[in-house]
Amino acid sequence: MKSSMQAATLGLLLLGAGVPAAVAATAPGEDLTRCAELELRVAGLFRIGTATLYLDQCQDAERILGPVPKQFSLELARSFKGDDLIESARSTLADNLALDSADHLPAVLRCMADAYVDAESGDRYDVVYRPGDGLRLFLNNDLIRQCDDADDAEKYFMIWFGEEPFHRRMRDRLLDEALSNGSVG
């Protein structure tokens, strides 16, 4: 069961309107397409930030948890403690993988989940996955950590898109918008 800190951190996000897509990602070295973007709020009142999903092709949202190039970005509208983000990431991954404890996470997932640092309002986290290249975490375009590709690396995106994501409505809206943008043109 997720703690109240996790719920306050990211689990109780309510969403604002989406933003049109189809521009390039801005994280270092990425050439992915912005497929979906949502403003995140707690209790519909307090802005948390903006979540953005980037994919090679927006229709790749159909296989978001597979080995496809992808990026999840969160531009913060408030400060977060790295320890709170670490706890939330580890717990959400353990829930999605049906593990008894986050201590049993595969090494590549632990590597990335444990990389978060304190961040302030206006900061931007980018989590990037490239098959064969692994996972990378950026804060304000600065590489914080790179974790080698392994059989489980793409599963890190279960945090946002798994059966037990931080917020189901966020997952559903991002994927729906990406698929809608993938069917255009």
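The values are calculated or read from the model by the stated rules, or taken from the named source; none is laboratory data. Given the structure is predicted, the values throughout are model-derived calculations rather than measurements. FYI the Cβ positions are ideal-geometry reconstructions off the backbone, even for glycines, and counts take in every protein chain you see.
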Q.
I'd like the full set of residues that are farther than 18 Å from residue 72 by Cα and in a helix (DSSP H, G or I), limited to the stretch 94-125.
A. 94, 95, 102, 103, 104, 107
(Q) Pull out all pairs, ordered by first then second residue, where Cβ-Cβ is under 9 Å, the residues are six or more apart or on different chains, the first lies in the stretch 110-128 and is surrounded by 16 or more Cβ atoms within 10 Å (Cβ to Cβ), and the second is among the β-branched types (Val, Ile, Thr) and in a loop (DSSP other than H, G, I, E, B). (A) 124/26; 126/26
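Kindly check whether there is at least one residue in the stretch 140-158 that is at negative phi, assigned to a strand (DSSP E or B) and exposed (fewer than 13 other Cβ atoms within 10 Å of the Cβ). Break it down into steps so the answer makes sense when it comes.
Filtering the stretch 140-158 down to residues at negative phi leaves 142-158.
Then keep just the ones that are assigned to a strand (DSSP E or B); that gives 142-147.
Now restrict to residues that are exposed (fewer than 13 other Cβ atoms within 10 Å of the Cβ): 142.
Yes - at least one qualifying residue is present in the stretch 140-158.
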Q) Would a scan of the stretch 168-185 turn up a residue that is surrounded by fewer than 19 Cβ atoms within 10 Å (Cβ to Cβ), under 24 Å from residue 31 (Cβ atoms), β-branched (Val, Ile, Thr) and modelled with pLDDT of 95 or more? A) no
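Has the stretch 78-93 got at least one residue that is in a loop (DSSP other than H, G, I, E, B), surrounded by 21 or more Cβ atoms within 10 Å (Cβ to Cβ) and of a type outside the set (Phe, Trp, Tyr)?
Here is the first cut: in the stretch 78-93, the ones in a loop (DSSP other than H, G, I, E, B) are 78-79, 81.
With surrounded by 21 or more Cβ atoms within 10 Å (Cβ to Cβ) added as a condition, the list becomes none.
Within the stretch 78-93, not a single residue is in a loop (DSSP other than H, G, I, E, B), surrounded by 21 or more Cβ atoms within 10 Å (Cβ to Cβ) and of a type outside the set (Phe, Trp, Tyr).
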Q) Are any of the residues in the stretch 51-74 farther than 19 Å from residue 163 by Cα, part of a helix (DSSP H, G or I) and free of Cβ contacts under 8 Å to residues at least 60 places away in the same chain? A) no
Q) Any idea which of 95, 149 is more than 25 Å from residue 31 (Cβ to Cβ) and touching a residue at least 40 places away in the same chain (Cβ under 8 Å)? A) 95
